[in-house]
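Heads up: the structure comes next, in structure tokens.
Coordinate-derived values only; no laboratory data. Quantities reported herein were computed from a predicted structural model and do not represent experimental measurements. Cβ coordinates were reconstructed from backbone atoms using ideal geometry, including for glycine residues, and neighbour counts include every protein chain displayed.
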2 protein chains.
Amino acid sequence: MRKGLSTERSGGRGENGLGTGGRDEAIYRNLFVAIVENHLAPGTKLPEDTLAETYGVSRTSIRKVLQRLAHERLVDVRLNRGAAVAQPSVSEARDIFSARRIIECGAIGKVVAKAVPAAIDELRELVRREHAAADRGDWREAIYLSGAFHVALIRVSGNETLTEFLTQLVSRSSLVIATYGTPMTSSCRHSEHDDVLDLIAAGDVEGARAWMERHLKDVERSVVLVEEEPSALDLRKVLDEVARRHRGER
Amino acid sequence: MRKGLSTERSGGRGENGLGTGGRDEAIYRNLFVAIVENHLAPGTKLPEDTLAETYGVSRTSIRKVLQRLAHERLVDVRLNRGAAVAQPSVSEARDIFSARRIIECGAIGKVVAKAVPAAIDELRELVRREHAAADRGDWREAIYLSGAFHVALIRVSGNETLTEFLTQLVSRSSLVIATYGTPMTSSCRHSEHDDVLDLIAAGDVEGARAWMERHLKDVERSVVLVEEEPSALDLRKVLDEVARRHRGER
DNA sequence: ACTTATCTTTTTGTATACACTTTCATACCG
DNA sequence: CGGTATGAAAGTGTATACAAAAAGATAAGT
């Protein structure tokens, strides 16, 4: 089973106090993968009892996991109302992509500076796997590897804090795609990811930054095209509007 | 009592699943403030029983709060070993300031674009309060308001996700200052914060970006000058080194 | 006197129990 | 027949209890 979006090196960092080998870590990873790979559709309720029985633990551990996922904005927890897979709003989706542009473009300078050949080779291997998955029609794997590539790229900068932020943004992007993307929205269509590696290998910072800017705008445009559906909240406003028109005002 | 670094508008967003009015919210804020204002020194142990008795609740609620603070990197939770106020490493400190440069400089464009006069007035008021606090020697308040200014600035961009990230970075900066800063390291010495508001009001994006870059580099330089102390971990290495020298090798 | 081993104390991890809130179904009334 | 109230069922919030681990103290041995 995969581990987060870490692409390899997650074998016990033992540094911070988040994934410190508790037995809930496995449960967390399971739920995390289920959500970002869209096995659980946005809005799906996540009752504590069900999860507790599923994983054979008590609700205590489940609650811990759910709160962690809530902090990462992958699930929504409302008071006395339980947890559900998050449904990012359109404005939240825009914020996510905007934040990704700022972080990924802003960090590309350090990425280029620190991109030793070995690091680039690892990234190329990731792209190769992504293409292989796409070629055999495994879209879920391809999308996953596409996200993993973006995270791995920033990791080269050596900034763990930024890498963590981006990891969250990439997983939330999966939710956005699941919520607003059309079936064929394969995020990075035929993945020009190799191109940016060429620019990085050539030491072309500005070129790489421009590529990233364009790439992320492409991804966003291919997804968030549709506006928010009525969604029961502005239902009242919509109906009022219809009523006014019907009465002949305007 | 203050609320996070939110500077006003925290009166129940009811939107996400984090601060949804549970009774632990008050406990969280208490601990949060105690940590970022350095009433609790980095490294201070936070035993669950003590906190539970202090706030008159059970350990269950305390654990929830501690895990949230752990996710925000303000406390360190190690398996079977409890929680303690985090002690950011030098490399973590560098990552934090680097991330701040990328995010705050990257978002300044949207800040300028969206900075209506009313927003700028609010920011000026914040700077005024900061100066007032500094003038009367209330350094804690001045440092707090300085951080609140940076957060409020980014909030103007309208990107809630980035604002959350920066909120975390600013509070972690407080920990860095507490850990590595000298007593007089007042982060922003006589706070040139008014200057950037002039640039923003004038619509000078590049000027504001350059100002922010320089400002954050100044803050970092005034803090992280010192290298990591032995810190008990490389104690062995240090002692071995001393022993070798004593034996006359080299 | 210093180190090592064992036992006690303290503290954390996890499960369970109970109170309260929400939700859904049923019955009552206009 | 539609709408509202009442009550049962399900689900969450919080406290407590017990098991396991770490920290500390005491005693034995070198």
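Shown for B:T182: label points 7 Å from Cα along the beta-carbon vector, and their distances to the equivalent points in the other copies, 6.3 nm in ascending order. The A:R214 and A:E37 beta-carbon pair, evaluated with R₀ = 30 Å, returns a calculated FRET efficiency of approximately 0.65. What the Cα convex hull of the stretch A:90-221 gives, in volume per residue, is 88 Å³. Across the stretch B:24-85, the mean sequence separation of Cα contacts (distance under 8 Å, 6 or more residues apart), normalised by length, yields a relative contact order of 40 percent. Normalised Debye scattering of the stretch A:24-85 at q = 0.18, 0.21 Å⁻¹ gives log10 I(q)/I(0) of -0.54, -0.76, counting only Cα atoms as equal scatterers and leaving out solvent. At an R0 of 25 angstrom, the distance between the Cβ atoms of B:V57 and B:R140 translates into a FRET efficiency of 0.40.
Step through the table entries A:K45/B:K110; A:K110/B:K217; A:K45/A:K217, compare each Cα-Cα distance with 26 Å, and write down the pairs that go over it. Violating the 26 Å limit, Cα to Cα: A:K45/B:K110; A:K45/A:K217. Residue farthest toward the positive end of the dipole of the stretch A:90-221, with Cβ of Lys/Arg at +1 and Asp/Glu at -1: which of A:L126, A:A178, A:W139? Value: A:A178.
Plugging the Kirkwood radius over Cα pairs into Stokes-Einstein for the stretch A:45-125, at a temperature of 20 °C and a viscosity of 1.002 mPa s, what D comes out in µm²/s? For the chosen part, D equals 135 µm²/s. Measuring r between the beta carbons of A:D121 and B:S89 and using R0 = 30 Å, the FRET efficiency lands at 0.55.
Starting from the label point of A:E53 at 7 Å along Cα→Cβ, the same points in the other copies fall at 4.1 nm, in ascending order.
In whole percent, what relative contact order does the stretch A:51-166 give with Cα contacts below 8 Å and a gap of six or more residues? Once divided by the residue count of the stretch A:51-166, the mean separation gives 20 percent. For A:D218, the distances from its label point to the matching points in the remaining copies are 4.2 nm, ordered from shortest, with each point set 7 Å beyond Cα toward Cβ. Note on A:D198 and A:R81: their simple-model spin labels are 5.1 nm apart, each label 7 Å out from Cα toward Cβ. In a DSSP loop and with at most 14 other Cβ atoms within 10 Å, the trypsin sites (Lys or Arg not before Pro) in the stretch A:78-114 are A:R81.
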